[in-house]
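What follows is a single structure, written as structure tokens, with notes after it.
What follows is calculated from the coordinates using simple rules that are stated; it is not laboratory data. A quick note: this is a predicted structure, and the numbers were derived from the prediction, not measured. Glycine gets a Cβ as well: all are built from the backbone with ideal geometry, and neighbour counts include every protein chain shown.
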Protein chains: 2
Amino acid sequence: MKNILDRNQNKAEEVRSLLRSKNVMMVNIISSPGAGKTTLLERTCETLSSGIRIGVIEGDVTTDRDAKRLEKYNIPIVSINTEGGCHLDSHSIWKALEHFDLDHLDLLFVENVGNLICPSQFDLGEAFKLAVVSTAEGDDKPAKYPMLFSGARAVILNKTDILPYTNFHIASFRADMAEINPRIKIFMTSAVHGEGIREWLEWLKQQMDAFAAS
Amino acid sequence: MKNILDRNQNKAEEVRSLLRSKNVMMVNIISSPGAGKTTLLERTCETLSSGIRIGVIEGDVTTDRDAKRLEKYNIPIVSINTEGGCHLDSHSIWKALEHFDLDHLDLLFVENVGNLICPSQFDLGEAFKLAVVSTAEGDDKPAKYPMLFSGARAVILNKTDILPYTNFHIASFRADMAEINPRIKIFMTSAVHGEGIREWLEWLKQQMDAFAAS
């Protein structure tokens, strides 16, 4: 396992250098199955894609359903079918990058495989990790999967529209999160209805400015 | 990977033989994080635990929060902390079984790690796999994670109480499921509110009768 992680880390640094040289900010999105990663990308693409050149790498275990949902935005999308594998690694990202014109790209999202565990252990060469959690999953996710949340720069608490019908306690979620990663930025969104998307995108643009200046 | 799976399979058969000889039916419960496995076990334990001797093996990545939630039922519980591992394997189950008095047990639940991918590849020696999906996760889960659903004897579609607030299409879920595993038994429950639990438990008792007679 250590060998696998070491090999992954070396390639991740190559990915990071390449993207740095091309000024492309890569965001590695990690969540449980069905937390709303693809819907978040839909909202993000339809709002940002006029001014910012976006690309997406879609990681899926078997199908290309998520990639198909994003085709309508006319952005470059590369699907990685992990054929049963539970996470993406930096080698598959490196190969996927060959299919993008990096000189004409500003922002590259990686929609990782739906899984809170393994994806958090594999650096893909991203600028930062973004965690997405649905209010329907329960407020205990940070405490139960600390590796993801300690390593993410931001977390999107999605599906706030169904929050009133769940037993999710925001205070408990925030308290656990403050212990695991006090600096993490928390957004509350309903990607389906568009709530909270503006705040997320404003922050995302700040990250892009900071990335370009760094 | 093949070696790991072969070793796992051998031990799984040992687990299966042992449990067969003791007439203990083991159910391997697999779901995404936060689909409601523990709440389902709470409803199951409080209804069944008078007549049927239940035990639980709790798989968790880091904490023992789920085990603590079940302590009130005064049933034997063994926690397996996978320390970052994304699934249980048959060797850890074998070791856990040492802590149960199998001569005084009828039904053993394994609450696997919250993950739809890796747990479906590892036979633990169970009588059958039970998949749990939440209505908030979206109806595309069978198509996206066919390995779990093709190998499960039943699926519990949980959180029907929030179904009206989601875009989950039951017909689409059933159609995909019929293609992947036409014989799978589908239950619809709200484990929090108790809806559908009676049907699930009646079926579970039938499985126990069939197991005892086999």
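Details
- Residue and distance (whole Å) for the chain A Cβ nearest the axis that superposes A on B: A:A136, 2
- Seen from all directions on average, the protein assembly as shown presents a Cα convex hull projection of 20.0 nm².
- Distances between equivalent label points of B:A171 across the copies, with each point positioned 7 Å along Cα→Cβ, amount to 4.5 nm, shortest listed first.
- Residues A:S90, B:S32 arranged by fewest to most Cβ contacts within 10 Å: A:S90, B:S32
- Close amide H contacts of B:V113 (hydrogens built in the peptide plane, cut-off under 5 Å, sequence separation of 5 or more or a different chain): B:L88.
- A label point on B:H193, set 7 Å along the Cα-to-Cβ line, lies at 1.9 nm from each of its counterparts in the other copies, closest listed first.
- Rounded to whole numbers, the Karplus 3J(HN,Hα) couplings from phi for segment B:124-141 are 9, x, 6, 5, 7, 9, 10, 8, 10, 10, 9, 4, 6, 7, x, 7, 8, 5 Hz, using 6.51 cos²θ - 1.76 cosθ + 1.60 with θ = phi - 60°, and x at Gly and Pro.
- Rounded to the nearest 20 debye, the dipole size of chain B about its Cα centre is 260 debye, using +1 on the Cβ of Lys and Arg and -1 on the Cβ of Asp and Glu.
- Reach of B:K2 by Cα under 24 Å, taken over lysines that are not fewer than 8 positions away in the same chain: A:K2, B:K11, B:K95, B:K129, B:K144
- Gyration tensor verdict on segment B:66-117 (Cα atoms; rounded if a/c is under 1.5, prolate if a/b is larger than b/c, oblate otherwise): oblate
- With label points defined 7 Å past Cα in the direction of Cβ, position B:E71 shows copy-to-copy spacings of 5.4 nm, given to one decimal and shortest first.
- Think of it as helices only: each DSSP H run of n ≥ 4 in chain B is worth -39500 (n - 2.57), and spread over all residues that comes to -12000 deg cm²/dmol at 222 nm.
- Entry for chain A at q = 0.08, 0.18 Å⁻¹: log10 I(q)/I(0) = -0.25, -1.41, Debye formula applied to identical alpha-carbon scatterers, no solvent contribution.
- In angstrom, the C-alpha Rg and Dmax of segment B:57-180 are 16.0, 47.
- Gap separating the Cα centres of segment B:152-196 and segment A:133-182, nearest whole Å: 25 Å
- Separation between Cα centres of segment B:65-130 and segment A:25-71, rounded to whole Å: 34 Å
- In this structure, the amide hydrogen of B:M188, modeled 1.01 Å from its nitrogen in the peptide plane, lies closer than 5 angstrom to those of B:L157, counting only residues at least 5 positions away or on a different chain.
- Fluctuation leader among A:K141, A:K95, A:K159 - chain A, Gaussian network, Cα springs under 10 angstrom: A:K95
- Backbone HN-Hα couplings from phi across segment B:142-149 [Karplus 6.51/-1.76/1.60, Hz, Gly and Pro as x]: x, 5, 7, 10, x, 4, 5, 6
- Relative contact order, percent, chain A [alpha-carbon distance under 8 Å, six or more residues apart]: 25 percent
- Between the amide H of B:S134 and those of B:N158, distances stay under 5 Å, these residues lying 5 or more places away or on another chain, with hydrogens modeled in the peptide plane.
- Straight Cα distances below 20 angstrom link B:K22 to the aspartates and glutamates B:E13, B:E14, B:E98, B:D101, B:D103, B:D106, B:D123, B:E126, B:D209, with same-chain residues fewer than 8 positions distant left out.
- Legend: ranking of residues B:T160, B:T47 from fewest to most surrounding C-beta atoms inside 10 Å; resulting order B:T47, B:T160.
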